[in-house]
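The structure appears right after this line, and notes come after that.
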Amino acid sequence: MLINKYKPNDIDSIIGNKQVIMTLCKWLKSWDKSNKKNNCALLSGPCGIGKSLTIDLLIKKYNLNPIYLDTNERRDKEYITNHIIPIIKNEHSLFGKQNILVINDIDYADDNGFIASVSECMKNSQIPIVATCNNRYNQTIKPLLIYFSDFKFYKPFQNDILKFLVHIVKSEKKNISESNLKNIIEESGYDIRNCLNNLQIYRNKYIGIKDKIQTNIFDVTKLLLSQSIVFKDKYDLFWFEPDIIPLMIHENYINNNIKMKNEYESLKNISKACDYLCDSNIISNQINAVNWELSPYIACSVIGITENCVSKTQIKFTNYLSKISTINKHKKMKSNSNLNIDEIRFCSINFNNYSLKILESQIKMETNDRNTKTKEVKPKTIKKIKTEIKTKQETKLKKKKLLIIEEDDNK
């Protein structure tokens, strides 16, 4: 893959943002753990311009020990407090290397205590912290900005990317004109990774997407689902909106699947499309801002879904985006309900302990009262019993005397 073959090996080889990288190197050299306000660096800017690559090459240059907090790992409060915070309190690793915490895509988070935990890391950190984000003005990371030093990365100039691509074309012995290379750069959105991916499967008669269709996601999806264009054209179309197109295809591929006379064959085609869909999903989960060289495989998998499709119905917009907000809402409700349940359990345990203590004290009071009562009442009860026995004996004697007198009278 060209993306691996021509990956820069040192800081000086990175295309564009030279001044920003120099100031980042100075910041890292002069880093002081006592200065809590500027002990963290935030690298912001669009995808594919070298933020993560810059961090990797800085780690290599200064022989640092990175501690990564990526999007494909757990990023909740429990994980950070138990696994990350204890590590960042140590300046050096077991092998004597300086530790550094790297947080990729800090603006991409289902909170669950993530932002609060990261701010706690920044307060207690004994090591440098470097984070990346696409949108520095995202409201989720606003509480963290007071701790960050800003390093804004911008898209490289076209001439800088062009020089890089010309060098690759010469070394790979490809016959591509500069005008076509400029088309590749523009259609890749000045994303160097996408430029290399598009260059990987370039054909000589390059036709720009902008010359073929209007910028409309529905038109792109309709063309992808049709049989009127070849694989290479579909591949070029995929990069029009690589994040939304898989969702659009997922929404529309069943309704636009070719109907066969044999129902078994049509089900077989749908099953094959589902396999491609699963492949694209698995690969996209593996990327997560790290393995960008896998992006072309997602494009090929999505195109594979459309292999047995014909655009015959109206294209619908994906429902998944409308469900994301409700999914996130339910996640927050679930986390809040778990917290409430834990509070209720804690309160109920405390209440039970308190009620048990009250019951114990009441039982002790009652037993003490009974003991005191028995002690006081015992002599009185004996006297009463004696008097009752005496009265009973006297009544019996009286009855006997009366009977004897009656008998005598009868005689």
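The values are calculated or read from the model by the stated rules, or taken from the named source; none is laboratory data. Since this is a predicted model, take the numbers as computed values, not measurements. Cβ placement follows ideal geometry from the backbone for every residue including glycine, while neighbour counts extend to all protein chains displayed.
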> Across the stretch 75-121, what is the total count of residues that are within 13 Å of the chain's Cα centre (by Cα) and outside any helix (DSSP H, G or I)?
Replying inline: 13
> Out of all the residues in the stretch 298-320, which are touching a residue at least 40 places away in the same chain (Cβ under 8 Å) and assigned to a helix (DSSP H, G or I)?
Replying inline: 298, 299, 300, 302, 303, 305, 306, 308, 320
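Residues are listed down the side, and each one gets a yes or a no for (1) touching a residue at least 40 places away in the same chain (Cβ under 8 Å); (2) not hydroxyl-bearing (Ser, Thr, Tyr):
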residue	(1), (2)
2	yes, yes
11	yes, yes
15	yes, yes
18	no, yes
44	yes, no
51	yes, yes
76	yes, yes
>> I'd like the full set of residues that are modelled with pLDDT of 85 or more and of a type in the set (Phe, Trp, Tyr), limited to the stretch 80-136.
In response: none
> So, in the stretch 273-287, of the ones that are in contact (Cβ under 8 Å) with a residue 12 or more places away in the chain and buried (at least 16 other Cβ atoms within 10 Å of the Cβ), which residue ends up nearest to residue 104 (Cα to Cα)?
Replying inline: 284
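Is it true that residue 143 is over 30 Å from residue 200 (Cβ atoms) and modelled with pLDDT of 85 or more? Lay out the reasoning, then the answer.
Working: over 30 Å from residue 200 (Cβ atoms): yes; modelled with pLDDT of 85 or more: no.
No.
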> Could you give every pair whose Cβ atoms fall below 6 Å, whose first residue belongs to the stretch 249-272 and is without any contact (Cβ under 8 Å) to a residue 12 or more places away in the chain, and whose second residue is in a helix (DSSP H, G or I), counting only separations of at least 6 or pairs across chains?
Replying inline: 259/266; 260/266
>> Of everything in the stretch 129-143, what is surrounded by fewer than 22 Cβ atoms within 10 Å (Cβ to Cβ) and either under 20 Å from residue 83 (Cβ atoms) or among the charged types (D, E, K, R) (or both)? Give them in sequence order.
In response: 136, 142
